[in-house]
Amino acid sequence: MAFVTQHQIQKFREDGFLVLEHFFTAEECDSMRNQIQRMVSEMEVPPHCRTEFSTKEEEQLQAQGSSDYFLTSGDKIRFFFEKGVLDERGNFLIPKEKSVSKIGHALHAHDPVFKQITHSSKVQELGRKLGLERPVVVQSMYIFKQPGIGGEVTPHQDATFLHTQPLGRILGFWIALEDATRENGCLWFIPGSHTSGITRRMVRAASGTSTCVEFVGSEPAYDNSQFIPLPISKGGLILIHGEVVHKSELNSSESSRHAFTFHVMEAKDTSWSKENWLQPTPELPFPSLYT
């Protein structure tokens, strides 16, 4: 594997991100893609996507249903779809393998292929090089970024969604399973933007409210000229500091941009917010990265 130098780790601390080309082999990438292809071919549309809309009130209950599907996905493997790919009866308007937006959030725990990648010796070695003492895996996602419809991801900080006390304990591992280019929606970052805290938090809403989560605070208007693109080839890994500002554009190209990403928390002297949408469960306490 690519050996990580102290200089690179220093660069990560300065920029809030680090690009490690060819961290995973083409074979490892293909094994993940093949596994996902199998999952999608066997996938049933979740029931909440199948109900027909009629009244406004039902539509809100519908949204509530899907939000519950999201809220309880932390310890399961669940499917999330691009907008406009299902008709009102929940049937696919396009081939189903082109309709999925992401699969989350516990691939690392329940699927042997993704578990092996997440806990691979090179990932563990990287964790040790970064000085992580008690890293635990909090979530994982397979992101498709479908051709033509793969939506943009607006500028954000991961710690908005995965809040810890103190901050600075969340680290994202983002693996390109195909070449990520400016055309198909590679990641963009504001270097050094991880040093001034967070401005917005997504928290669980009080029970009985119509939405399951709400935002506290707001995302500032970022200057677009500050973002730099990070195209990366298949097998490359981008390390993402929990507070670095990043985004990706709409995929308007003909090619998809598959990626597998997981987040790790340094659990030593850290508390995980009870208000985060994602919570460890008795079925799945956050597993140690070092196993």
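Please treat every number below as a calculation from the coordinates, not as lab data. The structure presented is a predicted model; accordingly, all values stated were derived computationally and were not measured. Using ideal geometry, Cβ is built from the backbone for each residue, glycine included, and neighbour counts are taken over all protein chains shown.
Brief remarks follow.
- 5 angstrom amide H check on Gly150, placed H, neighbours 5+ away: Asn251
- FRET efficiency for Gln10 and Gln37, using Cβ-Cβ distance with R0 set to 41 Å, rounded to 0.05: 0.55
- Tensor-based shape of the range 66-191 (alpha-carbon gyration tensor, a/c under 1.5 rounded, otherwise prolate or oblate): prolate
- Extension gain for the segment Asn91 to Thr209, taken as residue separation times 0.36 nm less the Cα-Cα distance, is 39.6 nm to one decimal.
- Relative contact order (%) - the range 198-279, alpha-carbon pairs under 8 angstrom, separation at least six: 34 percent
- Shape summary: the range 238-280 maps onto an equivalent ellipsoid whose semi-axes, from the alpha-carbon gyration tensor, are 29, 12, 11 Å in decreasing order.
- In this structure, Glu125 and Leu167 have a Cβ-Cβ separation that, at R0 = 30 Å, corresponds to a calculated FRET efficiency of about 0.75.
- Each peptide in 195-202, 251-258 was scored by the mean count of other Cβ atoms within 10 Å over its residues; highest first, the order is 251-258, 195-202.
- Dipole moment magnitude, nearest 20 debye, the range 6-272 about Cα centre, only Lys, Arg, Asp, Glu C-beta charged: 540 debye
- To the nearest ten degrees, helix 6-15 and the longest principal axis of the Cα atoms of the chain are 50 degrees apart.
- Computed over neighbours whose Cβ is under 11 Å from that of Val4, the net charge equals +3, Lys and Arg +1, Asp and Glu -1.
- Net charge of Cβ neighbours under 12 Å - reference His156; Lys, Arg +1; Asp, Glu -1: -1
- Under 13 Å, Cβ to Cβ, from Ser252 - net charge with Lys/Arg +1 and Asp/Glu -1: -1
- Residue with peak Gaussian network fluctuation, the chain [Cα springs, cutoff 10 Å], from Ala180, Ala267, Ala26: Ala26
- Ellipsoid semi-axes in whole angstrom, largest first, where each is sqrt(5λ) of the Cα gyration tensor of the range 205-271: 28, 20, 16
- As a ratio to 2.2 N^0.38 Å, the alpha-carbon radius of gyration computed for the range 1-145 takes the value 1.31.
- His105 long-range amide H proximity, modeled H, under 5 Å: Lys76, Arg78
- Relative contact order (percent, whole number), the range 6-272, Cα cutoff 8 Å, 6+ residue spacing: 30 percent
- For Rg/Rh (Cα atoms, Kirkwood Rh), computed directly from the structure shown, the correct entry in (1) 1.02; (2) 0.99; (3) 0.94 is (3).
- Angle between the chain longest axis and helix 26-42 axis [Cα atoms, degrees, rounded to 10]: 10 degrees
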